[in-house]
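S.K.: Next up is a structure, given as structure tokens.
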Amino acid sequence: MSGEPQFSVDLYWLPLGAGGRSVRVNGRIFEAVAACRARRSRKDLYHSALIVRVRAGEFVIEMAPAGAGAGALRGVVAEGAVGSRWARPLRLFRYEIRRWRGGVIPDVGEAVESPQRLTVDPLIAERVLKLVPEVPTPVWGRDDLDTGEMWNSNSLVCWLIARSGLRPELARVPAGGRAPGWSAGLVAAERQRS
């Protein structure tokens, strides 16, 4: 038997564009513009995902481009539009939220300062899983919820952390990096809680 706890919530930080040149280049352009506007130095960008272990097994929770075929095989519990609502009928402009039992995080081998164990509390781990289908699904890359920041995978993860009763400050972005969208998830979770 391994030393892994039966219940846990682990956070993974993946460099934006890991495994994909196009996303990496666009991310660098986005960060260069954001840094220039904020009059600060550029930082490495990260997106996040969770692995939750409960008695029923291990689940990957992430936001990813909508895949082809049966979403149930990937644990898809919700979908949202990318960029604009009008383009949502096209799979290219949709994202999916996965609660994937036995799933994998693509490019997990490139994760930085990961995993970060957030808890081994069984009640919180179960609550995180239960909350996944309830996460908001605004347009990815836009501030449809008027939080002051765009919605993306970091928003999803922060929302789940905050709504489950974990403290979002337990998550530490890798040194020299930032996680765009994180505060959007926190603001949305706080609004729902109140």
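S.K.: Count charges around Leu73 for me, please; just the other residues with Cβ under 13 Å from its Cβ, Lys/Arg as +1, Asp/Glu as -1.
M.R.: Surrounding charge for Leu73 is +3.
S.K.: Something else now. Over the range 95-194, what portion of Cα pair distances is larger than 22 Å, expressed as a whole percent? List each step's numbers first, then the result.
M.R.: Values: 1479 of 4950 pairs.
Pairs farther apart than 22 Å: 30 percent.
S.K.: With the convex hull built on the Cα atoms of the range 73-146, state its orientation-averaged projected area in nm².
M.R.: Computing the convex hull of the Cα atoms and averaging its projections yields 6.8 nm².
S.K.: So if the hydrodynamic radius of the chain is defined as the Kirkwood radius over C-alpha pairs, what does Stokes-Einstein give as its diffusion coefficient at 10 °C and 1.306 mPa s, in µm² per second?
M.R.: 93 µm²/s
S.K.: Something else about it: Check Arg94: other-chain or 5+ apart residues with amide H under 5 Å from its amide H, H built from backbone geometry?
M.R.: Ala66, Val82
S.K.: A follow-up question, please. Under 13 Å from the Cβ of Trp86, count the other residues' Cβ atoms, weight Lys and Arg +1, Asp and Glu -1, and hand me the total.
M.R.: +4
S.K.: How big is the charge dipole of the chain about its Cα centre, in debye rounded to the nearest 20, if each Lys and Arg gets +1 on its Cβ and each Asp and Glu gets -1 on its Cβ? Mind dumping the intermediate values first?
M.R.: Details: 28 positive and 20 negative charges, 79 e Å.
So the dipole magnitude of the chain works out to roughly 380 debye.
S.K.: Hey, what angle do you get for helix 182-193 against the long axis of the chain, alpha-carbon based, 0 to 90 degrees rounded to 10?
M.R.: For 182-193 against the chain, the angle is about 60 degrees.
S.K.: Can you tell me the 0 to 90 degree angle between the C-alpha axis of helix 153-164 and the longest principal axis of the chain, rounded to 10?
M.R.: Helix 153-164 sits at roughly 40 degrees to that axis.
S.K.: On to the next question. Which whole-number percentage describes the relative contact order of the range 12-193, with Cα contacts under 8 Å and a sequence gap of 6 or more?
M.R.: Rounded, it is 24 percent for the range 12-193.
S.K.: Hey, can you grab everything whose amide H is under 5 Å from the amide H of Met150? Only 5+ residues off in sequence or another chain; H modelled, so Pro and N-termini drop out.
M.R.: Close amide H contacts, sequence-distant or interchain: Gly181.
S.K.: 5 Å is the cut-off here: which amide hydrogens, built 1.01 Å from N in the peptide plane, fall below it relative to Leu118, excluding neighbours closer than 5 in sequence?
M.R.: Val9, Asp10, Leu11
S.K.: Along the charge dipole of the range 12-193, Cβ charges K/R +1 and D/E -1, which of Gly165, Val128, Trp100 sits furthest on the positive end?
M.R.: Farthest towards the positive end: Trp100.
S.K.: What is the sum of charges around Gln192, taking Lys and Arg as +1, Asp and Glu as -1, for the other residues whose C-beta is under 12 Å from the C-beta of Gln192?
M.R.: Spelling it out: positives minus negatives among the neighbours equals +1.
S.K.: ³J(HN,Hα) across the range 53-65 via Karplus (A = 6.51, B = -1.76, C = 1.60, θ = phi - 60°), whole Hz, x for Gly/Pro?
M.R.: Result, ordered by residue: 10, 9, 4, 6, x, 10, 10, 9, 10, 7, 10, 8, x Hz.
Rule-based calculations on the coordinates, nothing more; no lab input. Worth saying up front: this structure is predicted, and the values here are computed from it rather than measured. For neighbour counting, all protein chains shown are included, and Cβ atoms are generated from backbone atoms with ideal geometry for every residue, glycine included.
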